[in-house]
1. Among (1) open to solvent by less than 40 Å² (accessible area, probe 1.4 Å); (2) in a loop (DSSP other than H, G, I, E, B), which single condition is A:Leu209 missing?
2. What is the residue count in the range A:150-191 for residues that are at pLDDT 90 or above, farther than 21 Å from A:Asn227 by Cα and basic (Lys, Arg)?
3. So which residues in the range A:97-121 are within 20 Å of A:Gly16 (Cα to Cα), out of contact with any Ser or Thr (no Cβ under 9 Å at 6 or more places or on another chain) and either part of a helix (DSSP H, G or I) or charged (D, E, K, R) (or both), if there are any at all?
4. Only residues that are on the phi < 0 side of the Ramachandran plot, at pLDDT below 85 and away from chain A (no Cβ under 14 Å): list them for the range B:81-101, please.
5. Out of all the residues in the range A:238-276, which are in contact with a helix residue (DSSP H, G or I) (Cβ under 7 Å, 6 or more places away or on another chain), within 14 Å of another protein chain (Cβ to nearest Cβ) and either among the hydroxyl-bearing types (Ser, Thr, Tyr) or surrounded by 14 or more Cβ atoms within 10 Å (Cβ to Cβ) (or both)?
6. Taking the stated definitions as given, is A:Lys462 assigned by TED's automatic domain parsing to the domain that holds A:Asp408, of a type in the set (Lys, Arg) and surrounded by fewer than 17 Cβ atoms within 10 Å (Cβ to Cβ)?
7. Can you name the residue in the range B:34-44 that is open to solvent by less than 40 Å² (accessible area, probe 1.4 Å) and within 14 Å of chain A (Cβ to nearest Cβ) and, of all such residues, is nearest to B:Pro109 (Cα to Cα)?
8. Could you tell me whether A:Ser310 is of a type in the set (S, T, N, Q), facing another protein chain (nearest Cβ under 9 Å) and touching a residue at least 12 places away in the same chain (Cβ under 8 Å)?
Amino acid sequence: MNTENPTILIIDDEKGLREGSKRLLMNEGYIVDTAENGATGILLVKDNEYDLVIIDLKMPDIDGLDVLTEIKRLRPNSVCFIATAYASYETAVESTRLGAYSYIPKPFTPEELIFNLEKGLKHRQLLLEAERLKREREESLLEVAHEKSRLKTIIESISSGVLLVNTGGEVVYYNHATLNKLAIDDLQIGQYSLDKLPDGLTDIVTRMLSEKKTVNKSFTTQYEINNGDMYIDATCSPVPQHDGTVAGVVIVLKNITGFKKIEKIKNQFVSMVAHELKTPLAAVLGYIRIMQDESIHISESQQDEFLTRSRSRLNSLLDLVNDLLDISRMEEKKVGREIEELDIKEIIRNTIKFLEFEIAKSKLLVNINFPDQLPVIKADRNEIIRVFTNIISNAIKYNKEKGFIDIDCSENGNYLTIKVSDSGIGMQPEEKEKLFQEFFRAKNKYTREITGTGLGLSIVKKIIESYHGKVEVESVFEKGSTFIVHLPINK
Amino acid sequence: MALIAIIDDDPDIIEASSLVLKSKGHDILSAGNPDDGFKIVEENNPDLIILDVMMDEPDDGFFLAQKFRREGFETPILMYTSVSKTIGFEYGAGEMVPVDDFVEKPISPDQLVEKVNNLLKEK
């Protein structure tokens with residue numbers, strides 16, 4: 001409302017009164033509109049909210065009381081006066097009932113009019129103030145309600161369990177995810193709940209609730225459900241009151257089963273690596289200790305043999321460490337690959353040349369069977385060389401003297417298929433299954449003298465799969481094995 | 001002097017251990033896998049068995065030790081372990097596995113001789 005220049009509408013069919021009042025009120029600082037009948041007045045009220053409205057009771061078109069009703073419906077906070085010469089007690093009562101603020105009997109003096117209007121303006125201010133307060137209260141209530149439901153929705157949507165208990169250990173709030181993370185079917189607000197928590201968690205919550213002052217510190221514990229079906233990480237934080245005492249504890253329950261599984265795999269791997277590293281060291285240290293022990297007599301040729309054995313064990317340890325480093329680089333995808341077009345024929349010929357000495361030592365016959373035209377593949381040269389060096393050197397190591405190695409290559413749809421067959425010792429079905437596992441090495445009477453890290457084929461598999469290829473093996477125990485590599489052709 | 005069976009899949013460990021124990025006047029039998037190990041014990045009834053904890057597979061040594069006990073062999077068993085106690089498996093004598101003592105690899109000749117003598121004395 002403009003307190004400096006209040007707005008007023010005068011609805012009256014008497015032109016003299018309309019104009020006279022208008023002039024008078026404009027001099028008093030009012031902004032004045034006039035209407036000569038009820039319909040025009042109502043139209044004006046539809047477009048403007050006037051502070052004050054004066055309505056003549058008797059007009060030719062619509063009755064003043066009907067005009068009043070309509071204006072109060074449109075603008076409940078506009079202050080309306082009924083003006084009429086035909087004053088009567090009944091119309092006064094009726095107009096007040098319909099929402100008129102007051103009644104101005106005609107004829108009126110300018111002083112009477114202004115006095116009445118000023119009172120009306122004060123009333124208008126009160127109405128507006130009340131309206132503002134009401135709206136504010138409604139808005140803030142709405143906001144609170146909205147905020148509450150929003151928080152509730154958020155907490156319900158969290159996959160972690162959220163449980164709030166008071167100092168009596170009773171449930172104040174919980175979300176649905178809490179139930180399965182405590183492996184219980186039901187929780188009731190107000191119910192004592194500490195007996196439903198796993199022991200370690202109950203201890204933490206009990207200790208927190210017994211603190212005199214809230215310590216700004218969270219405690220975490222882990223527990224398992226159904227013997228390892230699910231692992232839960234529970235974080236408890238105290239909820240402070242205004243005076244710093246403890247109001248309760250909020251417990252957040254997070255499913256960490258995935259992490260636990262990875263951790264277990266990691267621990268197993270570390271333990272296997274430690275074992276593999278320690279085995280050759282133990283052998284070498286064993287020899288050294290014997291050689292240094294004066295109470296044990298050894299001949300010079302025995303000493304030479306021990307040194308040779310030690311050197312060979314340390315060499316394989318070095319191979320192992322190098323393979324491990326390669327694997328970790330591959331896992332971390334740190335390998336700086338140089339992708340280029342590769343001629344697989346050339347790579348296999350070079351590999352065989354590189355292994356010539358070992359092939360000759362075992363008197364092996366190598367047959368290479370390649371079609372004239374073969375598509376190129378796109379890959380890192382060193383990685384593909386590594387794949388075929390590992391596979392072909394296995395075909396040599398696990399072969400029989402005067403045996404053969406057949407290498408076939410063919411185009412197979414979107415893949416280039418390379419088969420490396422040997423006439424070696426072959427594998428038992430259970431050995432075949434574990435073949436690509438880290439550190440697996442077939443152990444039988446034939447393999448005793450064969451060295452290896454147990455990582456070669458796991459590296460082969462990692463490299464081939466990183467190119468979206470596949471490696472398979474077929475084998476007959478004591479007859480031989482065939483390794484089949486499928487590499488995608490980049491057309 | 002005693003007859004001792006050493007069962008370990010690492011020929012270098014068998015070689016070194018044999019040499020140490022032979023130097024103290026013991027006779028040695030050896031096997032490189034659980035099956036052969038069971039056979040030499042069954043056939044020769046040694047005074048002491050030295051058994052590696054992890055042969056082909058983790059736990060192979062454990063299973064073989066259990067098999068000896070199940071089949072009625074009361075021969076003392078000294079177990080070689082190569083997994084550090086900090087990494088996961090933790091065991092003490094007789095715990096989980098029916099063996100009489102442990103030696104952690106790498107083996108020191110003095111410790112091996114001492115443990116072997118203790119077990120033979122108890123017998």
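The values are calculated or read from the model by the stated rules, or taken from the named source; none is laboratory data. Just so it is clear, the model here is predicted, and its values are computed rather than measured. Every residue, glycine as well, gets a Cβ built from its backbone with ideal geometry; the counts of neighbours run over all protein chains shown. Only protein heavy atoms, including side chains, enter the accessible area calculation; ligands, DNA and RNA are left aside. Shrake-Rupley method; radii C 1.70, N 1.55, O 1.52, S 1.80 Å.
1. A:Leu209 satisfies all of (1) open to solvent by less than 40 Å² (accessible area, probe 1.4 Å); (2) in a loop (DSSP other than H, G, I, E, B) except (2).
2. Going through the range A:150-191 one residue at a time, the tally reaches 0.
3. A:Glu111, A:Glu112, A:Ile114, A:Leu117
4. Hits for the range B:81-101 are B:Gly92, B:Ala93, B:Glu95, B:Val97, B:Pro98, B:Val99.
5. A:Ser271, A:Val273, A:Ala274, A:Glu276
6. no
7. B:Gly37
8. Yes; evaluated as a whole, the condition is true for this residue.
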